[in-house]
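Notes to accompany the following structure.
The values are calculated or read from the model by the stated rules, or taken from the named source; none is laboratory data. Keep in mind that this is a model prediction, so the values were computed, not measured. Neighbour counts are summed over all protein chains in view; Cβ atoms, including those assigned to glycine, are modelled from backbone coordinates with ideal geometry. Ligands, DNA and RNA are stripped out before the accessible areas are found, and what is left, the full protein with its side chains, is counted by its heavy atoms. Shrake-Rupley method; radii C 1.70, N 1.55, O 1.52, S 1.80 Å.
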Amino acid sequence: MLQALSHTFMQNALAAGLLASVICGVVGAFVVVNRLVFLSGGIAHAAYGGVGLAVFLGLPFLPTTLAVTLLFAMAMAWVTHAKKESADAAVGALWAVGMALGVLFLDLTPGYNADLMSYLFGSILAVPKESLWAMCALAFLVTGAAAVFYNGLLAMSFDPEFARLRGVRVRWLYLGLVAVVSMAVVLVMRVVGLILVIALLSIPAAIAGRRVKSLWAMCALSTVLCALFVVFGLWLSYSFDISSGAAIILVAGMCYLVSLIIPGTGKGKGA
Amino acid sequence: MTDAKPIIELRNLSFSYNGRPVIENVSLDILEGEFCAVIGPNGGGKTTLLKLMLGLVKPCQGTALLFGAPPEKTARLAGYVPQDTRRADGFPATVRDVALMGRLSGRFGARRYTRADREAAREALVRMGMWELRDRRIGELSGGQRQRVQVARALATGSRLLLLDEPATGVDKAGRGEMYELLRELNTTTTILVVSHELFALSSYVKSVACVNKSVHYHGAAEMTQEMLDQTFHCPVDLVAHGLPHRVLRSHGED
């Protein structure tokens, strides 16, 4: 591992992985307790539409993808908040439409032969510096927002109706949360791929949620777990010359399986 | 009772869901100091009626006033105990965390809890006999214990009005008696509205009854005679769940 770290690309990969861990650990805890994993999956796939548009029009990658992703995310947030009965199917539809738009835009782009796999599974070994800075900023934003709005977010996650009665603007908190999920997805997707984003948002938080007594402890534990998965996955990837994204996912998935066998503290289903 | 002012006023209230009327032309006053049971068949609109009172759903017609103002403005002043949805299962929060939510304030919940907030939450938990379990995960508690924590959360708000939606769900018979006894004690300082489908168990505690089945028939204190209560009390079957096997309440009149 130490020898591996002498390479600049490995140092960058490790930094990207750790920053992604802070973002996904904290955001993931809120995603899991609010049961937004499916919605986050939709956001991640719809983001592919943004990727396609950025490439097709030759626009800067990050702002374009973020704008398109936010558009889809707000549409999904609106249906899940206002029309709960039909939300499941509507999110599924937006998920697929966003993805299809991405494929179409890439088809229409002359001479473009981008590898679909690099967006699906990311390219953590080739992370540009700007991405690192953007992730750094988002990591601060995410932890700061979680700390400031902790009481409101906790109450909304537990019982949104009661929080609303207390005068909390639950709808805005919810939209804010979905917007932050979108930003996390777009930035982390660049690094680890849109499929791995879902794994990092849901698996560490799901393991942590069954074992802690508070939401902040869940954020902290899922961040640590996330970092462990990333580091171990990277090491496996380097040692056995296998795809880094897939290695990280498999490490996380195996740990999730093991954690399901070991009983947690909370009875009943996981958070 | 006659001089008490209304805390909740519903005027010609109607609400329908997907074109199906749930509440039809309901007018009802709940006076300060009341202990009112809201009874009626499943799907009869009991929960909806409570949500209309709190402004959680908007009426299609008519008006609702809570503490003399639109409920969206005054809902903060009410203590609400929703039906147990088992959402707490597996949720990473302690009993104390949940009670503290009764002290939540600020538009986005950015305000920190103060010492006074913690004290109010502690008092509410002590009152409900749940202080010993304060550091337990909420999902580890039994149904009855969870209901007590929910009542504690509502009490922590410091409200003069408690609206409880089936607080006896998942609670055993002895626990129900304790719950109703607690509500009676609270009623000395607090107006109480409790949704239940078992008037039988509640009858010796309540002062008035509102029967809900789309429309509402209200039976005030004057109607709640000892004889009626005795009859209810000796009734071997659950009054409402079995339709109306016999009249313990005065007939609803024409309809």
*Given a cut-off of under 8 Å on Cα pairs at least six residues apart, what relative contact order in percent is computed for the range A:140-271?*
21
*Where trypsin sites (Lys or Arg not before Pro) in DSSP loops with at most 11 other Cβ within 10 Å are excluded, longest remaining stretch of chain A*: A:84-268
_Can you compute the equivalent ellipsoid semi-axes for chain A, i.e. the square root of 5 times each eigenvalue of the Cα gyration tensor, sorted largest first and rounded to whole Å?_
28, 25, 16
_Overall Cα dimensions of the protein assembly as shown - principal axes, largest extent first, Å_ = 88, 49, 39
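Do you know the relative contact order of chain A, to the nearest whole percent, from alpha carbon pairs under 8 angstrom that are 6+ apart?
31
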*the range A:219-265 and the range B:7-46: distance between their alpha carbon centers, rounded to Å*: 53
*Once you list every other residue whose beta carbon is under 13 Å from the beta carbon of residue B:70, what net charge do they have if Lys and Arg are +1 and Asp and Glu are -1?*
+2
*Return one whole number: the accessible area per residue of the range A:131-215 in Å², for a 1.4 Å probe.*
30
*Taking 50 Å² as the minimum loss, tell me which residues in the range B:95-109 lose that much accessible area going from the chain by itself to the full protein complex (1.4 Å probe).*
B:101, B:104, B:107, B:108
*Area buried, chain B against chain A - accessible surface, total, 1.4 angstrom probe, square angstrom*: 3500
_If I compute solvent accessible area with a 1.4 Å probe over the protein chains, what percent of it on the range A:1-131 is carbon and sulfur?_
71
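Using the Cβ atoms and a cut-off under 14 Å, what net charge is assigned to the surroundings of residue A:29, where Lys and Arg are +1 and Asp and Glu are -1?
Values: positive: A:35, A:210, A:211, A:213; negative: none.
Within the 14 Å Cβ shell, the charges total +4.
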_Using alpha carbons only, how many angstrom separate the centre of the range B:54-74 from the centre of the range A:163-211?_
33
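Do any trypsin sites (Lys or Arg not before Pro) in the range B:130-205 lie in a DSSP loop with no more than 16 other beta carbon atoms within 10 Å, and if so, which?
On the way: sites: B:134, B:136, B:137, B:146, B:148, B:153, B:160, B:173, B:176, B:184; in loops: B:134, B:136, B:160.
For trypsin sites (Lys or Arg not before Pro) across the range B:130-205 that sit outside H, G, I, E and B with at most 16 neighbouring Cβ atoms in 10 Å, the list reads B:160.
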*asked:* Which residues belonging to the range A:134-154 lose at least 50 Å² of 1.4 Å-probe accessible area when the assembly is complete, relative to their chain isolated?
replied: A:151, A:154
*Taking the dipole about the Cα centre of the range A:7-261, with the C-beta of Lys and Arg at +1 and of Asp and Glu at -1, give me whichever of A:128, A:224, A:193 is farthest to the positive side.*
A:224
_3J(HN,Hα) from dihedral phi, the range B:104-119, Karplus parametrisation 6.51/-1.76/1.60, rounded to Hz, x for glycine, proline_ = 4, 7, x, 4, 10, x, 7, 6, 6, 7, 8, 4, 4, 4, 5, 5
*Amide N proximity, the range A:186-207 versus residue A:129 label position 7 Å along Cα-to-Cβ, cut-off under 12 Å*: none
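Charges only on Cβ, +1 for Lys and Arg, -1 for Asp and Glu: so what's the dipole of the protein assembly as shown about the Cα centre, in debye to the nearest 20?
Values: 47 positive and 37 negative charges, 203 e Å.
Computed about the Cα centre, the dipole is about 980 debye.
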*With a/c under 1.5 counting as rounded, go ahead and sort the range A:1-144 into rounded, prolate or oblate using the C-alpha gyration tensor (a ≥ b ≥ c being the square roots of the eigenvalues; past the cut-off, prolate if a/b is larger than b/c, else oblate).*
oblate
